[in-house]
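Notes follow once the structure below has been shown.
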Amino acid sequence: MDRNSVIIVTGAAGFIGSYMVGYLNKKGYGNLILVDEFNVEEKEFNLHEKKYLVRVERDNLFEWFDIEKLTVDFVFHLGARTDTTEFDYSIHKKLNVEYSKNIWNWCARNKIPLVYASSAATYGSGELGYKDDHDVVERLQPLNAYGISKNEFDKWALQQTRNPKSETRNSPPFWAGLKFFNVYGPNEYHKGRMASVVFHAFNQIQSTDKVKLFKSHKPGFKDGEQLRDFIYVKDVAAVCYWMMKKMGNRQLTISNKQSSIDNGLYNVGTGKTRTFNDLANAIFKSLSLTSNIEYIDTPEDIRDKYQYFTEADMTKLRKAGYTEEFCSLEEGVKDYVSNFLVEKKYY
């Protein structure tokens, strides 16, 4: 993909989507089609000074294409309903499953490579582990409507590629579903309750000089010792970008009989689990303050669906050729806190 390529980014006004737009801009890509609902005033700051061709309202996208007849080279489908406390599955189904199917089918018809956002929420409580093997997808049991919707689309995507008659397969020429783990970083000011623990903890420290973390309601875990694979959004964008570059060159590598990335699902985490206590301590350290943590009950509406452990198995992505190192929790938190939250800046 050269810098004149036309790239779609859905969810472009949101957290990861807007960061991806900024990341592409910094790499020299400005021919971007931004897709989202652009009626949320708080999100407007995420797109300030970004370079792009046009904004298209999410529900008008396919009608817009029928009119414009624009040639598109790549799609990052990062838009989704991500609220894990939204229990109405019909909302998740409409936005995370049905709309994603429309994106997929459009890419398949027009032979456009696709990277889409899946989620580590598909793994549920982790009883089947956190390995991104395709043969486990049908057996996963997510804990909430959001995770279910993401897994339903993953299952559907795999079904499109498993028809033994290759001429009847319905899939983009190259595609990857990225299972994002616990992402934090700039441009999440608008997310409210669904913003990262880093964001909420920073604001608590600013107003009360302490951080509130959930108590453990599960034997074997001390308060604040629940474990997560926290990944900085900069690393998420780097993986997405690498996928685009690899896929863009894949036709050449195949013709030259060289190794290339395979279509499919990929974990995107650091591969190293850390505690919420570690995260809180990293924030205090970034602010040159002494740690002060208070433990509170986990809200009852999410208590029975709360994950106590996540850790991405990153073997598959590494075997595909991704060699960049991920930011440590301390490095990512320091950059986010010092260069964005303290200054109230956007990426």
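The values are calculated or read from the model by the stated rules, or taken from the named source; none is laboratory data. Being a predicted model, the structure only gives us computed values, none of them experimental. In this analysis, Cβ positions are derived from the backbone assuming ideal geometry, glycine residues included, and neighbour counts consider all displayed protein chains. We work out accessible area using only protein heavy atoms, side chains counted, and drop any ligands, DNA or RNA first. Shrake-Rupley method; radii C 1.70, N 1.55, O 1.52, S 1.80 Å.
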From the set of residues in the range 120-142 that are under 18 Å from the mean Cα position of the chain (by Cα) and open to solvent by 10 Å² or more (accessible area, probe 1.4 Å), which is farthest from Met243 (Cα to Cα)?
Pro142
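Residue by residue, here is whether (1) among the β-branched types (Val, Ile, Thr); (2) touching a strand residue (DSSP E or B) at 6+ places or on another chain (Cβ under 9 Å); (3) at pLDDT 95 or above holds:
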site	(1), (2), (3)
Glu37	no, yes, no
Glu57	no, yes, yes
Leu70	no, yes, no
Arg81	no, no, no
Leu95	no, no, no
Across the range 244-285, what is the number of residues that are modelled with pLDDT of 85 or more and under 25 Å from the mean Cα position of the chain (by Cα)?
25
Among (1) of a type in the set (S, T, N, Q); (2) in contact with a strand residue (DSSP E or B) (Cβ under 9 Å, 6 or more places away or on another chain); (3) over 17 Å from Phe74 (Cβ atoms), there is one condition Asn46 misses while meeting the rest; what is its number?
(2)
Run down Tyr29, Tyr19 and say which single residue is free of Cβ contacts under 8 Å to residues at least 60 places away in the same chain and buried (at least 21 other Cβ atoms within 10 Å of the Cβ).
Tyr29
Return yes or no: is Arg3 basic (Lys, Arg), surrounded by fewer than 22 Cβ atoms within 10 Å (Cβ to Cβ) and assigned to a loop (DSSP other than H, G, I, E, B)?
yes
Condition broken by Ala117, with the remaining ones in (1) more than 24 Å from Ala157 (Cβ to Cβ); (2) not in a helix (DSSP H, G or I) satisfied:
(1)
Hits in the range 90-108 (condition: small (Gly, Ala, Ser) and exposed (fewer than 15 other Cβ atoms within 10 Å of the Cβ)):
Ser90
Do we have any residue at all in the range 298-308 that's of a type in the set (D, E, K, R) and not in a helix (DSSP H, G or I)?
yes
Taking only the range 195-244 into account, find how many residues are touching a residue at least 40 places away in the same chain (Cβ under 8 Å), open to solvent by 20 Å² or more (accessible area, probe 1.4 Å) and among the charged types (D, E, K, R).
8
Evaluate the range 47-56: report whether one residue or more is open to solvent by 80 Å² or more (accessible area, probe 1.4 Å) and hydroxyl-bearing (Ser, Thr, Tyr).
no
If we keep just the residues of the range 178-194 that are of a type in the set (A, V, I, L, M) and open to solvent by 20 Å² or more (accessible area, probe 1.4 Å), which is modelled with the highest pLDDT?
Val183
Yes or no: Leu329 more than 17 Å from Val239 (Cβ to Cβ) and modelled with pLDDT of 95 or more?
yes
Can you go through Gly269, Gly321 and tell me which one is within 27 Å of Thr122 (Cβ to Cβ), surrounded by 16 or more Cβ atoms within 10 Å (Cβ to Cβ), of a type outside the set (S, T, N, Q) and out of contact with any Leu (no Cβ under 9 Å at 6 or more places or on another chain)?
Gly269
Could you tell me whether any residue of the range 295-313 is open to solvent by 50 Å² or more (accessible area, probe 1.4 Å) and at positive phi?
no
